[in-house]
Amino acid sequence: MDPGHYDPRVRFPMMTPARLDRCLNIDDLRAAARKRAHRMVFDYIDGGADDERTLMRNSAAFADYELLFRVLVGVDDIDPSTTVLGQKIPYPLIAAPSAGNRLFHTAGERAVARAAGDLGLPYCLSTLASVSIEEVAKATAGPKWFQCYVWKDRGLIREMLARARAVGFSALILTVDFPVTGNRERDPRNGFTIPPKIGVRQAWEALKRPAWTWDYLIGSAIRYANLSEATPAVSLAQFVAEQLDASFSWADAEWLLSEWRGASIIKGVVRADDAVRALTSGFNAIMVSNHGGRQLDDSPAPIEVLEEIVQTVGDRAEVILDGGVRRGTDILKALALGARAISFARPYLYGLAAGGEAGVRRALSLLTTSLRRDMALMGVRTVAEVNRSFLRRCIGIGPPG
């Protein structure tokens, strides 16, 4: 077998389609991922910064809003499609960038790109992916966006942008909430690196997770596939400390946009004044995000600051909510607060770790199916009908007197 390509016929028995079908929500996929994946791998997907308060708040904050559904409006023909950056997509959903997916399953980013592409959803490839720009382009004809950090080596940036443009990536995402790595304490406790350094503890955990271990052993070496072959794969914190340019500023962002010369998104904004600054710099869309609670603990949940940012930027840019979504009702709440679309990584990563490409497809199916059902239950036929009138903030609201 060519070590650079995943062959789905060669794998250790894992979650069967029937078992995946018994995962009725994203939390079920999370439990399945925890059961199959090596502990350090699951904790890398699942963990956050410091005491993980922001991580927990990202999802919990959706419960602060109630949906005021309407009735007798005729919901036999639901259309959940929308338009993002001028392209029509069948659901207001975007597969957000995530590093090192082949550590979770040897199909890695290919599996996610194929599953998202088959639904017509945008797939965002991380700079630190474990599958190359070119391989992902071969895997899917669906919409593809490229996520970029700013390296100290500007020549490397130009090279990556040229490669992405050459194979059909249509938008650039600049992640700006990652000047240094957040304090993700699960990772050093587990000795997490890419690729894994196998010590006694890791070997013991590997024996307890035979499906993951077999999958890891039959695959080719895991590395940061978009970087040079000579670039060592080390701990994420060490790599970022050595390669990422923490001095990066708004002027540098404008330089990057001049190099890309195409549709652009800034990811990692939680302040309205930063959103306005992004507009003046030339970004077309804003991803309201705190990096999944993995950077600065006690930063606000994206849903908490979404409405203010939407109202501030108005129709000058599209606003995308990133993080915390687990249900169709979460999607509807974000849309009601003005988001054009919702991006997410953990739901599909749980699916990938639980069952490879089939698990990713299950995660996407759970979200799209629940969105259609909940649109009908809320009394809306199209995404355009979802507005603030369907939402009530319920913090501090007690029972009737």
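The values are calculated or read from the model by the stated rules, or taken from the named source; none is laboratory data. Note that the structure is predicted; figures quoted are calculated from it, not measured. Glycine also receives a Cβ, built like all others from the backbone with ideal geometry; neighbour counts cover every protein chain displayed. The accessibility values were calculated without ligands, DNA or RNA, using every heavy atom of the protein model including side chains. Shrake-Rupley method; radii C 1.70, N 1.55, O 1.52, S 1.80 Å.
Below are the figures for this structure:
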{"quantity": "Helix-only CD estimate at 222 nm, as mean residue ellipticity for the chain, using -39500 (n - 2.57) per DSSP H run (n ≥ 4)", "calculated": "-12500 deg cm²/dmol"}
{"quantity": "Loop-resident sites, the stretch 13-101, for trypsin sites (Lys or Arg not before Pro), counting at most 15 other Cβ within 10 Å (DSSP)", "calculated": "Arg22, Arg70"}
{"quantity": "Only Lys, Arg (+1) and Asp, Glu (-1) charged, at Cβ; the chain dipole about Cα centre in debye", "calculated": "1040 debye"}
{"quantity": "Where Rh is the Kirkwood radius over Cα pairs, Rg/Rh for the stretch 72-204", "calculated": "1.06"}
{"quantity": "Choice from Thr280, Thr127, Thr54 with maximal GNM fluctuation in the chain (Cα, 10 Å cutoff)", "calculated": "Thr280"}
{"quantity": "Share antiparallel - DSSP beta bridges, the chain, percent rounded to 5", "calculated": "20 percent"}
{"quantity": "The stretch 84-205 - accessible surface per residue (Å², probe 1.4 Å)", "calculated": "33 Å²"}
{"quantity": "Options [x] 81, 64, 44; [y] 60, 56, 39; [z] 60, 51, 40 - which one matches Cα extents along the principal axes in Å as calculated here", "calculated": "[z]"}
{"quantity": "Cβ-based net charge around Gly324, under 11 Å, with every Lys or Arg adding one and every Asp or Glu removing one", "calculated": "+2"}
{"quantity": "Which of Asn226, Val276, His291, positive extreme of dipole for the chain (C-beta unit charges)", "calculated": "Asn226"}
{"quantity": "The stretch 299-401 - convex hull of alpha carbons, volume per residue in Å³", "calculated": "143 Å³"}
{"quantity": "Over the stretch 103-169: Kirkwood hydrodynamic radius from C-alpha pairwise inverse distances, Å", "calculated": "12.2 Å"}
{"quantity": "Charge context of Val269, other residues only, Cβ under 15 angstrom, K/R +1, D/E -1", "calculated": "-3"}
{"quantity": "Proximal aspartates and glutamates to Lys152, defined as alpha-carbon separation beneath 15 angstrom and excluding residues fewer than eight positions away on the same chain", "calculated": "Glu242, Asp245, Asp252"}
{"quantity": "Assigned charges on the beta-carbon of Lys, Arg, Asp, Glu; the stretch 243-401 dipole about Cα centre (debye)", "calculated": "840 debye"}
{"quantity": "Relative contact order [Cα under 8 Å, 6+ residues apart], the chain, whole percent", "calculated": "29 percent"}
{"quantity": "All lysines inside 25 Å of Lys333 as judged from Cα atoms, apart from same-chain residues fewer than 8 positions distant", "calculated": "Lys88, Lys267"}
{"quantity": "Residue among His105, Ala137, Gly120 farthest towards the positive dipole end of the stretch 94-223, charges placed on Cβ", "calculated": "His105"}
